[in-house]
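See structure below.
The values are calculated or read from the model by the stated rules, or taken from the named source; none is laboratory data. Everything numeric here is computed off the predicted structure, so don't read it as measured data. Because the Cβ atoms are built from the backbone with ideal geometry, glycine has one as well, and the counts that use them run over all protein chains shown. Keep in mind that these areas ignore ligands, DNA and RNA; they rest on the heavy atoms of the full protein, side chains included. Shrake-Rupley method; radii C 1.70, N 1.55, O 1.52, S 1.80 Å.
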Amino acid sequence: MQSQDVAQRHAAASAGATHPAVDVEQAEAALVEHYPRLVRLAYLVLPPGLARGRRVLTAHALVQRALPRGRKQVPVVPAQSNGRQTDPGYSLVRLEVVRTALEAGRPLGLTAWPKRAQLPPLLPQVWGLRLFPRSGGADELALDQRLAALSAPARAAYALRGLEQLPDGDVRGLLRAAGVEQPEGALTEANGVPAEYPLLDSPEFDPCSLQARPTDLMRRRRHTKAALAAAAALAVCGALVGLPGGGWGADGAAAPVYAQNPAAQAALDPARLTKVPASAWKTAARTDFSVWPARGALTGDTALLRRALAVWARPGDTVRVSATPGTQTGGPAGPPQLLYAGVVDSARVVIFYDGLRIARYAEPKDGTQGAALDFARADGAAGVEASALVLGRSDGNVRYLTAPWVTKAAERDLTKPDGGALDLGLTGGVTGPLASPALQQGACTSWNVLQLTDAQGVHVSTDLGELMPARLTAGRPGEAGEVSGAAALRDWAPFACSLAAERSAGVRSVNAWAFAEQELPDAAGSGSWVCTRTETWRGDGTVSLAQFRTPGSRYGAVAARGADVTACGPRDPHVLAGVLWKSGGGRWYLLAAGSRDTASVRATGGVTASAQGTQLVAEAKQGAQAELSGTLEDGSAISGLR
C-alpha cells in the first residue's frame, strides 16, 4: 500500500506540479557532499563483467560527469524525510549517475555512435597501479555473485532500495526517468535477491576505500624496453632515410621484433603445448604436476586453447584476474603444460602448468564475455601438495581435478571427528561437487574437507578460496602426520572454523599441534591447548595461533597470535601461551601452558607468578594483562606467543 501511495503521489506530481529547477552550483554542492555514496551507487549498478579496476575508475568518472550544463528541472524528487533525499540537487545528480551507469552496461553496436559512458573513462586515470575495493566476507561475496546475475535495471532497483532506502514507487519513477522501459520488471527481478541491504555499506562495495597493487611489473618492464627500442629504431630509420643513396643497414645479430619472436610465438601456439602421456606418472622419479596427463573433453579444442593462451599473455580489461599473494601474473616463458580442458558446470575451463605456477582460464559456455584468469604458485609442490586442483566453484560447491595416482575422493566434516567420509566419486579425475567452506555464509557450523586416498595412505586438504587446496596435518612440528586417525581428527575438530581467517592468503599447509592438557582450578575439568600454524607458498606470511578449549565447549578460542614467527613451526617446535579464564564460581585466573620441554613459566605485569614445569595457574583480575616468559629444559629462554 505504501508503494502504491508513493506512485500515486508521483503521478500527481508529474501531471500537475512544476519540477524544481537546479543550477550547477546547487548540484555541485550535493555531489561533493554525497560523493562517496554516489560513487558506491554507480559501482553497484555498473556491469560486473568489467575488471574491478576499470569498474572503480568508471564509477568515479560517471559521478564526476554528473553535473548539469545549466539550470535543469528535476523530474524525480522522492518524498523522503531526510535532508539528502529532499535536496533537488542531490536528486538530479543521482538520476544522472543511475542513467549513465545503466548506459555503461548496454552492449556496443545498438546505436550508430557509442555513448560516452560505454567507453573507458578518460579521467580519472591511474598509472602503474591496480586499484580495487577491499575484500569483504563470505556474505558480501555471495551478494556480489547474486547481483552479477541480475540485469542492470534490476541491480539499480536493488541498490536504490537498499543504499538509498527508497520505496518501490520512488524506485519505479526514478528508473523510468533514467530510461528504463519496464521498471516493474526490474523490481520483480530484484525481488529474487535476498534483502541483505546492510551489506551494501561494506568495504566490498566501496570504491572510495581502495587497495593498491602493482600492475604486471615484468610485462610493464618489457613494454618499456619495447617502447625505447621502437623509439631508437624510428630514430635510426629517419637517419638512414636521409643518407645519400638511401638504403637500410643490416640488422646484425638483433632478434626479430617481439611479436615475431619464436619463443613468444611458441608459448601462444596450442600445437606446442606439452601433453604428458596418461601412464607417465607410473614410472616417473617424482610425483608432481609435471607428470599429470592432459584430461577433459576439450583437450583437442584448438580455438579454446588459443583463446586461453592469448588471454594469459595479454588479458583484456574485461578479464577478471586474480592471483595468490606472491604470484606473478605475466605470460608463460615458453609452451606450458596442459593439465585440463573441459566443461565444468556452466563454464569452459582450461588449466595450465608452467613449472612454477598453475593458471586457470574460465569462460562462460555461451560466450567469452566475463572470462576469468586465476594464478597460484606451485613451485616445489610434490606428493600430497600436488594431488588436487580446484576446477571450479558454483552454487556453494567446489569440484576438484585430482592427480592420476589418487584412487578415491571423499568428503568429511572436520568439525565432526566421529562422522564418516562421504564418497565423492571420480570421473576422469574430476570429483563430484563438495560443499565449499570458502563459500560458506553466516556462522560456522561445519567445515567440509577433501579426503584423498592413494598408495601412500589418506590425506586431507581444504578449500580456502584458491586454486591449490591447503594440506592439513596434525602433530608436533617436524613430526606431523596426516589427519586420518581418530586422535588427529579430534585435535582438529574444535578448531576447524578458525581456518576461515586464512582464506585467500596463499596458504600451503596448516598444522594442528595439541601441545598441552591443563587441569582447571575449582575442579572445572581440563582444558586443551592447540597451536595451529599456517605455512604459505611464498614463505612469509606464516601465522601461528595458540587456541584454548574449555570442557563442554564445541569450539576453541584464540588465546595468542604470532605472524611471521618461528614458534610452533619446524624451526622452533616450542610454544608458550596464556589466557584469562573465569571459573564457574566467578573467579578469574591466568592460565598458561608451554610445550612438553618447558621447564618453568613466569608471568609479569598485571599478574606476577611463576611455576616449575610446563603450566602456570594464578589468580588474576578481570582485564589483567600479563607478559609470559619461560625456560626450556636445555636452559634457553622462551617468550609468550605474540
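Using 0.36 nm times the number of residues separating GLN211 and THR427, minus their current alpha carbon distance, what extension gain do you get?
73.7 nm
Ignoring ligands, DNA and RNA, what percent of the 1.4 Å accessible area of the range 327-476 is carbon and sulfur? Provide the component values of the computation, followed by the final result.
Values: 2430 of 5030 Å².
Carbon and sulfur together cover 48 percent of it.
Determine, from the Cβ-Cβ distance of LYS416 and THR566 and an R0 of 25 Å, the FRET efficiency 1/(1 + (r/R0)^6), rounded to the nearest 0.05.
For LYS416 and THR566, the calculated efficiency is 0.15.
Just to verify a number: FRET efficiency for THR407 and ALA501, C-beta to C-beta distance, R0 = 35 Å, to 0.05?
E(calc), rounded to 0.05, equals 0.60.
What FRET efficiency comes out for the pair ASP540/SER636, r = Cβ-Cβ distance, R0 = 25 Å, nearest 0.05?
0.55
Gain in length, ALA557 to SER446, computed as 0.36 nm per residue apart minus the alpha-carbon separation, to one decimal in nm?
Gain on stretching ALA557 to SER446: 38.3 nm.
Any chance you could check the Cα centroid distance between the range 287-304 and the range 492-518 for me, in angstrom?
Using only Cα atoms to place each centre, the spacing works out to 33 Å.
ASN397 to ALA523: extension gain in nm, 0.36 nm per residue of separation minus the Cα-Cα distance?
Numbers: separation 126, 0.36 × 126 = 45.36 nm, distance 4.47 nm.
Separation in residues times 0.36 nm, less the Cα-Cα distance, equals 40.9 nm.
Which value in nm describes the separation of the simple spin-label points at LYS621 and ALA435, placed 7 Å from the Cα toward the beta carbon?
The two pseudo-label positions are separated by 4.7 nm.
Kindly report the accessible area of the range 498-642 per residue (heavy atoms of protein chains, probe 1.4 Å, no ligands, DNA or RNA), in Å².
In whole numbers, the range 498-642 has 45 Å² accessible per residue.
Which far-off residues, 5 or more places away or on another chain, put their amide H under 5 Å from the one on THR287, with H placed in the peptide plane?
GLY383
With a 1.4 Å probe and every protein chain kept in, tell me what percent of the accessible surface of the range 140-196 is carbon plus sulfur.
45 percent
Give me the percent of the accessible area of the range 582-642 that comes from carbon and sulfur atoms, probe 1.4 Å, all protein chains in place.
C and S fraction of accessible area: 44 percent.
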